[in-house]
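Chemist: A single structure is presented below for examination.
Since every read-out is calculated from the coordinates, none of them should be taken as a lab result. All values reported here derive from a predicted model rather than from experimental measurement. Every residue, glycine among them, receives a Cβ derived from its backbone with ideal geometry; neighbour counts consider all protein chains shown.
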Amino acid sequence: MNKRLVMSKYEIPFLTTCIRMFAQRFGMSRQEAFRYLQTYKGLAFLIEFYDVEHLQSMDETIDDLLVICQQNGGTLA
């Protein structure tokens with residue numbers, strides 16, 4: 001995976017919105033959502049594919065996160 005240390009000023013708000021919306025969809029706190037997405041590589045996915053993901057609807061992005069996390073051992077459905 002691409003390891004970048006610098007993010008654009010648009011990526012951080014996008015990531016925080018994704019975390020908030022993921023938490024909301026699955027009835028968890030933002031901290032729980034962050035830990036889940038970190039553990040099951042959802043955040044890495046969002047960072048690597050920001051150029052594509054930020055153009056989709058938030059529902060599609062959350063759906064993509066769910067699939068990525070499931071592929072990496074996550075158990076949410």
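Chemist: Could you check region 55-70 and list, in sequence order, the residues that are of a type outside the set (D, E, K, R) and more than 17 Å from residue 41 (Cα to Cα)?
Modeler: Once the filter is applied, which keeps residues that are of a type outside the set (D, E, K, R) and more than 17 Å from residue 41 (Cα to Cα), region 55-70 yields 55, 56, 57, 58.
Chemist: Then there is this: Quick check on region 17-25. Is at least one of its residues surrounded by fewer than 18 Cβ atoms within 10 Å (Cβ to Cβ), in contact with a helix residue (DSSP H, G or I) (Cβ under 9 Å, 6 or more places away or on another chain) and without any contact (Cβ under 8 Å) to a residue 24 or more places away in the chain?
Modeler: Within region 17-25, one or more residues are surrounded by fewer than 18 Cβ atoms within 10 Å (Cβ to Cβ), in contact with a helix residue (DSSP H, G or I) (Cβ under 9 Å, 6 or more places away or on another chain) and without any contact (Cβ under 8 Å) to a residue 24 or more places away in the chain.
Chemist: Filter the helices (runs of 4 or more DSSP H) completely within region 1-64 down to those with at least 3 residues that are among the polar types (S, T, N, Q) and on the phi < 0 side of the Ramachandran plot.
Modeler: Counting at least 3 such residues, we get 11-26, 30-39.
Chemist: Name the pairs: first residue in region 44-56 and of a type in the set (D, E, K, R), second residue not in a helix (DSSP H, G or I), Cβ to Cβ under 8 Å, at least 6 apart or on different chains?
Modeler: From region 44-56, the pairs are 48/1; 48/2.
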